[in-house]
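Notes to accompany the following structure.
The values are calculated or read from the model by the stated rules, or taken from the named source; none is laboratory data. Quick caveat, the model's predicted, so the values are computed rather than measured. No Cβ is skipped: glycine too gets one built from the backbone with ideal geometry, and neighbour counts run over all protein chains shown.
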């Protein structure tokens with residue numbers, strides 16, 4: 001009587017798991033291809049070259065990185081970090097990042113309720129926050145910055161001077177806007193010329209390298 005039971009157990013053991021369960025929390029690496037993780041799924045590290053990465057709503061993953069591709073994090077999803085070269089990074093509503101995000105030659109967007117525990121940084125490309133929180137600081141070299149209404153930055157803003165000869169003669173003022181009820185703790189340091197507009201209901205730290213111009217209403 002034991003043989004049929006043992007046989008059934010052996011067959012059950014060999015039966016493949018569903019795709020979503022079998023590859024949960026696995027690392028995914030590609031060259032010349034994009035990576036898509038469905039809603040509510042878990043993954044490990046995700047990296048690709050010449051491709052984009054998308055993590056669906058309520059998904060979870062570790063470190064995301066790509067070259068020549070964008071990174072999109074869905075609503076209520078959570079990751080450890082995101083980094084790309086030549087691509088944008090967009091966080092959905094209430095997305096969570098336990099470390100930081102950075103890109104070279106790409107924009108950064110933090111949608112409403114999103115939270116990044118570390119730094120938000122790029123070299124070129126706009127940085128925009130919509131009622132988002134950054135536990136670290138914001139850094140850029142050549143990107144405009146829009147800190148939207150009700151956003152909070154814990155460790156200041158720094159716009160660094162470019163030392164690249166590619167930008168010689170092309171330094172035009174960057175636009176930095178601190179929106180209504182936004183809070184920027186720490187210093188705001190500008191090593192190149194910027195036009196700094198600050199809402200009359202915003203709170204900011206010490207400013208070096210620029211003169212704040214106050215405005216009322218939703219936009220300057």
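At-a-glance table
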{"quantity": "Test: residue in region 171-185 that is part of a strand (DSSP E or B), touching a strand residue (DSSP E or B) at 6+ places or on another chain (Cβ under 9 Å) and surrounded by fewer than 16 Cβ atoms within 10 Å (Cβ to Cβ)", "calculated": "yes"}
{"quantity": "Test: residue 149 is assigned to a loop (DSSP other than H, G, I, E, B), over 25 Å from residue 211 (Cβ atoms) and out of contact with any strand residue (DSSP E or B) (no Cβ under 7 Å at 6 or more places or on another chain)", "calculated": "no"}
{"quantity": "Residues within region 186-201 that are under 17 Å from residue 134 (Cβ atoms) and surrounded by fewer than 22 Cβ atoms within 10 Å (Cβ to Cβ), tallied", "calculated": "3"}
{"quantity": "Residues of region 104-125 that turn out to be within 20 Å of residue 76 (Cβ to Cβ) and either in contact with a strand residue (DSSP E or B) (Cβ under 9 Å, 6 or more places away or on another chain) or buried (at least 20 other Cβ atoms within 10 Å of the Cβ) (or both), as a count", "calculated": "11"}
{"quantity": "Exclusive hit being at pLDDT 95 or above, surrounded by 18 or more Cβ atoms within 10 Å (Cβ to Cβ), out of contact with any helix residue (DSSP H, G or I) (no Cβ under 7 Å at 6 or more places or on another chain) and farther than 19 Å from residue 95 by Cα, set 128, 158", "calculated": "158"}
{"quantity": "Qualifying positions in region 79-103 - under 19 Å from residue 34 (Cα atoms) and surrounded by fewer than 19 Cβ atoms within 10 Å (Cβ to Cβ)", "calculated": "85, 86"}
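The rows are residues; the columns are (1) touching a residue at least 12 places away in the same chain (Cβ under 8 Å); (2) under 22 Å from residue 85 (Cα atoms); (3) out of contact with any strand residue (DSSP E or B) (no Cβ under 9 Å at 6 or more places or on another chain); (4) assigned to a loop (DSSP other than H, G, I, E, B).
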{"residue": "136", "(1), (2), (3), (4)": "yes, yes, no, yes"}
{"residue": "198", "(1), (2), (3), (4)": "yes, no, no, no"}
{"residue": "210", "(1), (2), (3), (4)": "yes, no, no, yes"}
{"residue": "214", "(1), (2), (3), (4)": "yes, no, no, no"}
